[in-house]
Structures are given as C-alpha cells and as structure tokens.
Amino acid sequence: MKPTRTIVALLLLIPEAARCAAEPALVENGRRQAQIVIAEKPARMARLAARELQTYVERISGAKLDIVTTPNDGKTPVYVGESPFTETLGLSTAGLENGAFRMASGPDWLALLGPDEDFVPIEPWGRSRTAEETRRVHAEWDRITGDTFWNHCRELYARYHKDLDVWDYDDAGTLNAVHEFLRGLGVRWFAPGELGEVVPRRAAIALPRVNKTVKPDFALRRFTFYTDHTGLGEKGIWTLRLGLNQGHKIAGVTQVCHGIKFVIMREEMKQAHPEMYLVSGGRRDTAHKGSGTPDITSPLLFNEHLKYARAMFDHFRQPMISIDMVDGYGGMASDDPAWMAQLTPQRGWEGSMSDHVWGYLNRVALELHKSHPDRFVSGLAYSAYKLPPEKIARLSPNLAIIETRQRQSFWNDEVRTAHRNLREAWLKKLASGKYFTWDYSVNARPEQAGRPVYYARQIARDLRELEGVTLGEMIEIYDHPADSEGRFGYDPLAIEHLNLYITSRLWWDADQDLDALLADYFTAYFGPAAAAMRAFVEFSEANWMHMGQDAARIGRAFTLLAAAQSAADPRSDYGRRIAKIADLMQPLRGLQQQLSRRRETDLSYRVLLTDQTGGKPMKEKPFDGRVLKEYWTDARTAPLVALTPQSPRPQASTQFQIQREDGILHFGIVCQEPDMPGLNIAATAPDDPKLLEGDHVSLLIETPTRSYYEIAVNPAGAVLEIDRGEGGSVKWSSGARVAVHRGESLWSIEIRLPIAGEGARTLDPNHGIDGSQPKDLFPWHFNVCRQRVRGADIQRTAYSPTGKEDSYVPEKFAKLWGK
C-alpha cells in the first residue's frame, strides 16, 4: 500500500461529535444507522466479509447492523462485495488481483469490494485423511494418468475451512477491504484467537470519506504451518484477517517444494520401477522420508517426471508445479561412479550438487516448455544445491526459483550480504522472471524454544530490498496441535506472532513506517505495560542471538520481562499475553544456570536418532546387554581415555555410543577385558554404595535444570543410582532399564534411559531425570567413566578427561546434544 491512498485511520483524529454532526453515521450513540448490503448470491468470501463487518461493528459499538440484499429503512448502505448496486455506482474491480481491493464512499453510502471468485476444486481431490479416501483419489488419478503417481490433491481438504465455509483459495478482495476498514477503527489481529486481538469500544462510527484502491507489494503471501494438514483452527481466520494470499493462481494448489516425490512415492511405482531409485550402499533407496530417493540419471525417471507434470498441467490446470528434489537429497551418495562424477564438492556444501540437480531440473523444464509454454515449474535454491549451477548460462524460460533463507539471521551482515549476492547470481540466470523466497519461522520448536527471537527491523530492511524483485514469499512456521494434554506447555506463537504480524503488514506496503507499526502494537497489545514491553522487545531483538552463550543477557531479558509483568494485572488480557511469553521462555532459566557454571572442556557428543544410524530399530532388539552392530552400527562410537596426561595407559579399552528413539536415550557401552576371571565385583544387590569400590561404569548426567545424576553399573548387572545435586538422594531412581552381557573378552552394558522432561523433580524428586531431551540450544552435559580394580591397582578412564584422579568433575563434563 503506497502513500497515494487515503488512510481510513486518519478519521480517528477527527473529534467524534464533529464527525457525526458533519456527515451520516454508521453507528450513533450505540444505535445502528447503517445496513450491510450484499449480492443475492454472494461469493463465499463476500459473505464472510459481511459477517466479519457485522460482528466487529457490534463488538465496537454494541450496534448490530443487518445484512440485506436490498437497501431499505433509510439506513446508510455499506455495500460489501460486488452487486448490482456497486455496478450502478460505477465501481469496478477490473484489473485487481492477489487480494487487491477498493474502498469508496459517497454522501450517503460506503462500498468495500474486491475480486471474490470462488475456488472450484477439480476432481479427484481428497475429502479426508482416511486410507479409504486415499485409495479412491488415487484410483481415479490412475485412470486419468495411466500410471501410479501420487495425487497431492488428496490433501486438498485441509485448505477448506468448514467453520467459515471458505477455501484458502477463494479470492479475498472484499474481505481484505472490510478488514482494512476495521483496522481504521482500531481493530487489530496481532495473534490468533480472541486474546490475540484488540477491539476498541466506541459509541459512534462515522461514514468515512474514502476513495482508494489498495494493491499489495507482494503477490503471493503465504504462511505454511506445521499443522496445516490437521486443521488450522483459529490460525485459519487469523491468516485471512492479516490479508494473506495463498496464490494458487500463481503457484498452484500443490506443495510448492520437493515435488519430484509425487512421481515416486507410491508403493506401486516402487515395485514396478525400482530402476528409478538411487543405488546407495548396495541397495535401491525406496524408503527415504517415505518417498525414496530418485536417481536423476535414470532415463525412465525423466520420462515419468514429464508425464506427471503434463498430467498436472492438463487435468488440474496448474499454473506452476514444483519439480524439486525430495527433502534430504543434499549430501546423498551413489554407488554409481557416473552419478558421483556430477558432483562438485570443490564448490563447498551449498554448491556441491548444484550442477547435478539444476542440470536435471533445467532439462525437465525445457521439455515442458515445448509442450506447455504458458506454464511454469519451480525448484528450491536449497541445501547442497543452493548456489546457481556453473554449467548453465541461462535457465529455461519457464523455471522459477525459490530461494530458501532465514531472515532472522540477517542481523549478521555477512549472512545478509551472502544472501544478497546469492540472489543477484540467480537473477542473472533467471529467464522466467519468477523469483520467490521461502523463509523459516521455527524458533518455537521444542528443541529450541525459549529465546525471545524478535527481528522486526531485519524483516523491514529485507522486504524493502525484495520489493519489486520477488513475486512473493512463503514462511514455514512451527506450531503444534492444541495442547489439551499439556505436552508442550507453551503457545508456539507467543513471541513469533509479532514477527509474523509485521511481515504480513509489510507484504502490503514494504515502505510503511515500522516505528509507527511497533508503537501501535505495544500500546494496543500491552496497555499499561507498553513501555516495559517495548524495552524488553528492543533488548531481545539486539541480544537474542547471544543468549545461547551468555547468562547475563538471559538474566537481563528476564528482568525486563518481570518489569512488564509487574506493570499489568496478571488477570487482564495484557497480563495474560505477557504470561504466554514468560511460559515460552522457561527453558532459558535452565540454560542460564548451565551457562553460569564454569566449563573447562569443549568436548561434545551429538546424539543421532536411531533411524539416522542405518541400523535396525532399537525397539526390535532383544534387551540383553549386547551391543550388536546390526542395531548399533559404528555410528558415533567414542572411546574412553586416561583421566590425566600422567595416568598410566589403560590396559583395557572402552567405547560407547548413544542414540535416541522417541523419548528414550539408548546407551551402549563395551568394556574390553583381558582378565574376565579377575573381574572385581564389589556388590551384587541394587543400590549398594559398595558397588563403587569395584569394577564399574558410571554415567554422569547434568541437565539444564539439575546437576548432576549418576548411574553406575557393574559386570554383575548391579545398578546404583544417585542424585548428586543439592538435596539429592541415593533413593533416587532414573527409571532406566539396564542390561549387562558378559562375553569371553568383554563385558557390555545397554541402558535405556527415559527422558522425563522438565519439572520431573518437582513432580517426584526421587524418580526420573529432570530435563527435556538434550538439544543443541539446551544441551545436557555428561561423562562416561570406567573404573577397573585389580588388587591395589585402580585404573580410571573417561570420555572427557577430568585432569585429576577423580571422575566427579562437573566442569569437565562434555556437551550432549541432538535433534
């Protein structure tokens, strides 16, 4: 939205009594003076727009305007959407697209209108997630294509909002006009749900003087939530109130990334054409992320990909489809030397597969341009093929680029400059003129939630650079389902809503005053705590990126947030909004404690998920203490070493591995032993402290919320568990399962340790390790130590050397983290 347009909000500056005396009113002294006029058969979005206007005028003033199809009763007509009455007034929406709208008024009328074409899905499309519905949709699709492709329109049901009776793909010009009018009255939708909105109270609403056409700066404006497929709930209407545009007339209705998977993911296709899948490790990969990994050197795959794309163009009439690689393709390797020869590792990770991938995508695009010159295909600048290819001077004229990025990192000028250079390099090769961006808003994921990541100024600076360059943007947003069971304990948008709100407003007008937007937000959303919340957000925006390493900055953020909490009644909407932020930030308190502790080692261990190791699932393994390679493989095997440089060389080696499967940490420890008959077993009963006097292995664990625990196991299978933290007890139990195996020249341990979660000690101080799963931002710290006793000779080893003949040195605990 540009400065040439009249801003309805300016009417609020005119004294209310003066306005009402000078011109007709929509509401006067809490009584209705107007009516909402719609067409006899309005479009779905126009009908929703009328309901929205009726609802919020009533909430503002107490007056409920009637919704009619013919003006009557001498009331001031508010025309919502196109109708014979707007035609008579000469109001047209011709030439408006992507959610653009008109607002116009006369001496005694107001019109709010825009394009309102109803979306009509093309069969076959899915009405639900059931297996039966999937079979039906695919059977019809197979009859159309003569093949066994996946029909992504199977998931189209998720784009229909039954409670609103609208599709995400319905044109929303009129709805945008109504919401712009309501914003002029002071209504705000900062976050989803009733708590996220602000509705002022006033007894009078004047008929505004307005005549403007509003067009967005960015055509495609899309939020993609993790829960899209399960239903958006309150987020559905929130995105409409923000004026987003799914852009199906630009990018189609199918997934805009990783589109090649729809060619190969059906089991029927895998059975019929295994030659289309990459050979790696001596087998065809038909399992990767459910779809398998395509072999893009396969002639059959190339032809099948063309066949699929043409079917999507011809039958579903898609303007653009993704032909991009499956997710996780970056870093793949093949047994085929010719395939490997296409890689360019000398270009670094982000260019190591660029010519390989883009060479294939460009060949597909060129062939499709011959048969469908008016359609487009897209690929992601992503992962190991983020850089432009070197062997292609100019891309096919129908190939669009989607640049992946995370603008919150643009506080670092080197990162921002690198993305600007990347964009310029792609634009030199881009013949289609279709350039999009894909951003990530994932700070509330459980493994990294906590930091107050605000970046409004990076958003504004970046979107001003992108204006006129990109056709639009998609943002991938973490959220989780309704938390009825208390599994998450926080609102994932408690902080992120501000970044998303600012983005949505700037998508319409990238040049508007950011400071004015923020001032409005703080005042309207936090009331008496506005100044304190501004101080908190401004500090957080400047410091969130350092909070993973700086306890003092975390402490300052909590101090500022506490000041805001004290400024607002905790029972008020203002106080409840601040409380949501405090809830989301709770993990930072544990991290603050960790960072405040002295660390004397940089050693770290990354925990892999079981399905990342290449081994069989741990849940299928007999729990017998044997560390078998078919389950454990050789992934992330780590040795124990002497405690100090002066310690004698260990006479028996020890190795360990850690994996995570769901909520279980699996520890596998192998103790080589040349003297099995001489094992020194000091205890055979559980919880006997004498265990520590003989041969044993100790697992020492510090979580962000507790320092520290010990689980000691000896060759007889006896277990001693101790909470060595303040107020801890030898009566503590981790809840772990422990199994020990004794062989001819070794003894080994398997430990299956449940992750109890934060607050476990509060619920029961004697059961469970207090802490969420170890993550990169919120890691655990640990050591694995072995004691071997032969007479008077005591040998001790550890993963992280302690620097003294003592295993219990928390400052030397290594970092334990994962995803």
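Would you mind telling me the share, in percent, of accessible area of the chain contributed by carbon and sulfur at probe 1.4 angstrom? Heavy-atom surface of the chain belonging to carbon and sulfur, 1.4 Å probe: 50 percent. Inter-label distance, residue 624 to residue 202: 7.8 nm, where each label sits 7 Å from its Cα along the C-beta direction.
Taking the centroid of alpha carbons for each part, region 242-256 and region 344-409 are 21 Å apart.
Eigen-decomposition of the gyration tensor built on the alpha-carbon atoms of region 257-325 gives equivalent ellipsoid semi-axes of 22, 11, 10 angstrom, largest listed first.
Annotation: per residue accessible area for region 611-694 equals 53 Å², rounded to a whole number [probe 1.4 Å, protein chains only]. Using alpha carbons only, how many degrees (0 to 90, rounded to 10) separate the axis of helix 530-543 from the longest principal axis of the chain? It is inclined by approximately 50 degrees. Under 14 Å from a label point set 7 Å out along the Cα-to-Cβ vector of residue 310, the amide N atoms of region 134-174 belong to 145-147. Using a probe of 1.4 angstrom and keeping all protein chains present, the accessible surface of region 372-474 works out to 35 square angstrom per residue. Rounded to the nearest 20 debye, the dipole size of the chain about its Cα centre is 800 debye, using +1 on the Cβ of Lys and Arg and -1 on the Cβ of Asp and Glu. In a simple Cβ point-charge model (Lys, Arg +1; Asp, Glu -1; nothing else charged), region 344-391 has a dipole of about 40 debye relative to its Cα centre. Length gained on full extension, residue 327 to residue 600, computed as 0.36 nm times the residue gap minus the Cα-Cα distance: 94.4 nm. Based on every Cα atom in region 83-139, Rg and the maximum pairwise Cα distance Dmax equal 19.7, 59 Å. With the cut-off at under 14 Å, measuring from each backbone N in region 31-48 to a point 7 Å along the Cα-to-Cβ line of residue 87 picks out 39-42. The length gained by stretching the chain between residue 158 and residue 31 to full extension, at 0.36 nm per residue less their Cα-Cα distance, is 41.7 nm.
Rolling a 1.4 Å probe over the heavy atoms of the protein chains gives region 202-305 an accessible area of 35 Å² per residue. Taking the empirical scaling 2.2 N^0.38 Å for compact globular proteins as reference, region 542-681 has a Cα radius of gyration ratio of 1.61. Annotation: for a label point projected 7 angstrom from Cα along Cα→Cβ of residue 646, residues of region 775-819 with backbone N closer than 15 Å are 802-806. The ellipsoid equivalent to the alpha-carbon distribution of region 288-395 has semi-axes of 24, 15, 13 angstrom, derived from the gyration tensor eigenvalues as √(5λ) and listed largest first.
Mean projected area of the Cα convex hull of region 363-476, taken over all directions, amounts to 8.3 nm². Placing a pseudo-label 7 Å from each Cα along the Cα-to-Cβ vector at residue 139 and residue 412 gives an inter-label distance of 5.3 nm.
If R0 is 25 Å, the Cβ-Cβ spacing of residue 271 and residue 363 corresponds to a FRET efficiency of close to 0.40. Helix 496-508 and the longest principal axis of the C-alpha atoms of the chain enclose an angle of approximately 40°.
Derived from the Cα gyration tensor, the three semi-axes of the equivalent ellipsoid of the chain are 56, 36, 23 Å, largest first.
Compared with the dominant principal axis of the Cα atoms in the chain, helix 413-429 is inclined by about 60°. Taking only the C-alpha atoms of region 222-282, the Rg (one decimal) and the largest Cα-Cα distance, Dmax (whole number), read 17.4, 53 Å.
The values are calculated or read from the model by the stated rules, or taken from the named source; none is laboratory data. What you are looking at is a predicted structure, and each value in this text was computed from that prediction instead of being measured. A quick note on method: Cβ atoms are made from the backbone with ideal geometry, for glycine too, and the neighbour counts reach across all protein chains shown. Each accessible area value is taken on the protein alone, full model and side chains, heavy atoms only, with ligands, DNA and RNA left out. Shrake-Rupley method; radii C 1.70, N 1.55, O 1.52, S 1.80 Å.
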